[in-house]
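See structure below.
The values are calculated or read from the model by the stated rules, or taken from the named source; none is laboratory data. No experiment lies behind these values; they were computed from the predicted model shown. Virtual Cβ from ideal backbone geometry, glycine too; neighbours counted across all protein chains shown.
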Amino acid sequence: MYKCILFDLDQTLWDYEMNSREALSELFIDFELGKKGIEVEKFLQTFYVINNELWDLYDRGLLHRDVIRNERFHRILLALGVNEHEMSLKLSHEYISISPKKKNLIEGCKETLDYLHPKYPMVIITNGFDEIQSTKLSSSGIDHYFKSVVTSARAGHKKPAKEIFEFALKENNFSPDEAIMIGDNLLTDIAGAVNANIDTVFFNPGKIQHQTEVSYEIKTLTELMNFL
């Protein structure tokens, strides 16, 4: 019998892809990137490729988070044939300011949280930056659902290390067998929870093929209401 629910945030509850797209589209106009020969869809596509590569390296412990902040847009612009480092730093600053204030949530998010909130204490476990994750939760209006937010910076470890999950459980006075982790990333969320002996729900709306053993697998968040 579960007594506590652990949630990933980005692309599990908060629609990272949609919110990034909105922010990047605004920046494309504000920085007049079209005048530099860049097409907006190419800009968005290049961001996703390079951003995903950098976050994957970060999740695997092969990259410091400051590299993402300071180098991400420089690498994106270089890939698009523009070598302007100062502009890339301004883009990074604006993106980090604008993106977390976007309000788009994954379909079914609020309906599911409304259902779960009276039944379970819920905790966010995220590798994202502290102040940014806090802004995302408040801007999208879901901060009140969660008993606590455990970031990698606060815990001193990042997913998939078992220590961040143990930190979250200890802080909220639960044991591994009383908790279940819900997330969209097989490496950080699912493997991390397994490392900590916690049951898992793989949120897989894209129906990704995988061989990972999970406790449950869902395509929509509202499916959680079928078994929790």
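Taking Q45 as the residue in question, decide whether it is at pLDDT 95 or above, at positive phi and either in contact with a strand residue (DSSP E or B) (Cβ under 9 Å, 6 or more places away or on another chain) or surrounded by fewer than 18 Cβ atoms within 10 Å (Cβ to Cβ) (or both). In short, no.
Applying the selection to segment 178-189, what residues are part of a helix (DSSP H, G or I), surrounded by 15 or more Cβ atoms within 10 Å (Cβ to Cβ) and in contact (Cβ under 8 Å) with a residue 40 or more places away in the chain? Correct list: E178, T188, D189. Taking segment 70-96 as the range and being more than 16 Å from Y16 (Cβ to Cβ) and of a type in the set (S, T, Y) as the test, the residues that pass are S88, S92.
Restricting attention to segment 190-228 and to residues that are among the hydroxyl-bearing types (S, T, Y) and part of a loop (DSSP other than H, G, I, E, B), the residue that is modelled with the lowest pLDDT turns out to be T212.
Output yes when any residue across segment 40-51 is of a type in the set (S, T, N, Q), touching a Lys or Arg at 6+ places or on another chain (Cβ under 8 Å) and part of a helix (DSSP H, G or I), and no when none is. Yes, segment 40-51 contains at least one residue that is of a type in the set (S, T, N, Q), touching a Lys or Arg at 6+ places or on another chain (Cβ under 8 Å) and part of a helix (DSSP H, G or I).
Residues considered: M1, M18. Of these, the only one that is surrounded by fewer than 16 Cβ atoms within 10 Å (Cβ to Cβ), modelled with pLDDT of 95 or more and aliphatic (A, V, I, L, M) is M18. Exactly one residue out of E22, E71, E41 is outside the structural domain of K159 (by TED's automatic domain parsing), over 30 Å from F167 (Cα atoms), in contact with a Leu (Cβ under 9 Å, 6 or more places away or on another chain) and among the acidic types (D, E), and it is E71.
Here M18 qualifies as part of a helix (DSSP H, G or I) and closer than 30 Å to H117 by Cα. Per the listing S148, S175, S138, the residue uniquely touching a strand residue (DSSP E or B) at 6+ places or on another chain (Cβ under 6 Å), surrounded by fewer than 16 Cβ atoms within 10 Å (Cβ to Cβ), polar (S, T, N, Q) and modelled with pLDDT of 95 or more is S148. Within the set K136, K147, K119, the sole residue that is of a type in the set (K, R) and in contact with a Phe, Trp or Tyr (Cβ under 8 Å, 6 or more places away or on another chain) turns out to be K136. Determine which member of the set I50, I29, I96 is outside the structural domain of H157 (by TED's automatic domain parsing), hydrophobic (A, V, I, L, M, F, W, C) and crowded, with 18+ Cβ neighbours inside 10 Å. Going through I50, I29, I96 in turn, just one is outside the structural domain of H157 (by TED's automatic domain parsing), hydrophobic (A, V, I, L, M, F, W, C) and crowded, with 18+ Cβ neighbours inside 10 Å: I50.
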